[in-house]
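These notes concern the structure reproduced below.
The values are calculated or read from the model by the stated rules, or taken from the named source; none is laboratory data. If you're wondering where the values come from, they're calculated on a predicted model, not measured in any experiment. The area values use the complete protein model at the heavy-atom level, side chains included, leaving out ligands, DNA and RNA. Shrake-Rupley method; radii C 1.70, N 1.55, O 1.52, S 1.80 Å.
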Amino acid sequence: MRMPGVDYFTETGWMAFFSGTETAVGRQRGVEAWHPTTGAALIVDPERGGLRPVTDFEDFSHLERVHRIAGVVPGGGWRAHWEDEGGAPLTQPVLAWFISSQGGATPVTVEPNGDTDSSGTADRLLAPGQELR
């Protein structure tokens, strides 16, 4: 279910994965907190409008340790480049870098429509002033 090369960030450093049911697709949700008595991972249940233990969901699969954001720094003129994005090469500016609690840096790019993406799956990262060859 997890996409290769994609970094996940949560406040707690944990992500809950669900396999799906006949009425719900497989999904993942960030763990928001831990139940103070049982220690169960808690996620937001949008249908009930509150925190709920992952073990309450019949399709709960497992927890995975993910990155925690330790800081954010400006993009500094870097660009992310994909060799073949939907049939054509694509280069996007890096708005910022997420710095993980493990010390990694993931680029946050700006898409042509103005949305941001922090998937970290670019084929190349171009330093300020660096041109494609």
Are there any strands (runs of 3 or more DSSP E) wholly within the stretch 70-116 with 2 or more residues that are of a type outside the set (Asp, Glu) and open to solvent by 50 Å² or more (accessible area, probe 1.4 Å), and if so which?
88-100
When Ala127 is evaluated against the numbered criteria (1) within 27 Å of Glu11 (Cα to Cα); (2) modelled with pLDDT of 90 or more, which criterion, by number, is the only one it fails?
(1)
Using the structure shown, decide if Val54 is hydrophobic (A, V, I, L, M, F, W, C), at pLDDT 90 or above and assigned by the TED database to the domain that holds Trp97.
no
Looking across the stretch 30-69 at residues that are assigned to a strand (DSSP E or B) and among the small types (Gly, Ala, Ser), the single one that is least open to solvent (accessible area, probe 1.4 Å) is Ala41
